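Here, each number is a calculation from the coordinates, and none is a lab measurement. Bear in mind that the values here come from a model prediction, so they are computed numbers and not experimental data. When we count neighbours, we look across all protein chains shown, and the Cβ atoms used for this are built from the backbone with ideal geometry, even at glycine.
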Amino acid sequence: MNESHLQFLASDQWAEMLKTELLPWVEQVGDLGEDVLEIGPGPGRTTDLLRERAKRVTAVEMDARLAGELRARLAGTNVEVLTGDGTDTGLDSDRFSTVTAFSVLHHIPSSEAQDRLFAELCRVLRPGGVFAGTDSRDNEMIRLGHADDTFVPVDPETLPDRLEAAGFTGVDVDMTEFHIRFMARKPKA
């Protein structure tokens, strides 16, 4: 992730956008349950929102520096921060009540790796659990913000089929000018 993008994700401006734009949408999911998994928390502004709404949050961050900083900042809270790859978490199957991925999918270097992530998230989500996320749309302004950075945007037209191929059902995708938002469920056993 380039430094200016990382600074934005740690900013008060981003935190305010999360509260006014993301939070009302996430609350439509309803009760997140007692055990939430967050993929790619970066500096942890989204983690801060999740930890106020769930008994326990596990955050998996690939960047060792970001994971270490977040682990230190949230020590002694209801958040466990793991350094690892979301496509192969090593976490127990059928564990989490809700899985989230906020503005992280476009940082995954290929569609194939994104599909591996979807399959892994379905595996660790308990039957009937919800996968909720947001990601950036593909437009010039967002591309400029990702200069010298990985940017593989998810096509909102193909996302439902990709999530269903990973094992999810009830996929709902909507779009704003700059973001896509999605929810899906793991089928009940």
Legend entry - For the stretch 78-137 versus the stretch 15-66, the gap between their alpha-carbon centres in whole angstrom: 12 Å
Inset, instruction - State, to one decimal in nm, how far the label point of residue 21 lies from the label point of residue 115, with both points 7 Å from Cα in the Cβ direction. - result: 3.0 nm
Inset, instruction - Mind putting a number on the dipole of the chain about its Cα centre? Charges go on the C-beta only, +1 for Lys and Arg and -1 for Asp and Glu, and I need it in Debye to the nearest 20. - result: 680 debye
Legend entry - FRET efficiency, 1/(1 + (r/R0)^6) with R0 35 Å, evaluated for residue 8 and residue 161 via beta carbons: 0.65
Inset, instruction - Find, among the trypsin sites (Lys or Arg not before Pro) in the stretch 1-95, those assigned to loop by DSSP (not H, G, I, E, B) with at most 16 other beta-carbon atoms within 10 angstrom. - result: 53, 55, 95
Inset, instruction - Work out the FRET efficiency for residue 78 and residue 178 from their Cβ-Cβ distance, taking R0 = 41 Å, and round it to the nearest 0.05. - result: 0.85
Legend entry - From the coordinates shown, P(r) over Cα pairs in 10 Å bins from 0, in percent corresponds to which of (1) 9, 40, 40, 10, 0; (2) 11, 43, 37, 8, 1; (3) 10, 38, 33, 15, 4, 0: (1)
Inset, instruction - Using only the Cα atoms of the stretch 1-113, build the gyration tensor, take square roots of its eigenvalues as a ≥ b ≥ c, and label the shape rounded, prolate or oblate: rounded if a/c is under 1.5, else prolate if a/b is larger than b/c, else oblate. - result: rounded
Inset, instruction - Apply 1/(1 + (r/R0)^6) to the Cβ-Cβ distance of residue 150 and residue 91, taking R0 = 35 Å, and write down the FRET efficiency to the nearest 0.05. - result: 0.90
Inset, instruction - Please turn the phi angles of the stretch 152-164 into ³J(HN,Hα) values with the Karplus equation 6.51 cos²θ - 1.76 cosθ + 1.60 (θ = phi - 60°), one per residue in order, whole Hz, x for glycine and proline. - result: 10, x, 8, 6, x, 6, 9, 4, x, 5, 5, 5, 5
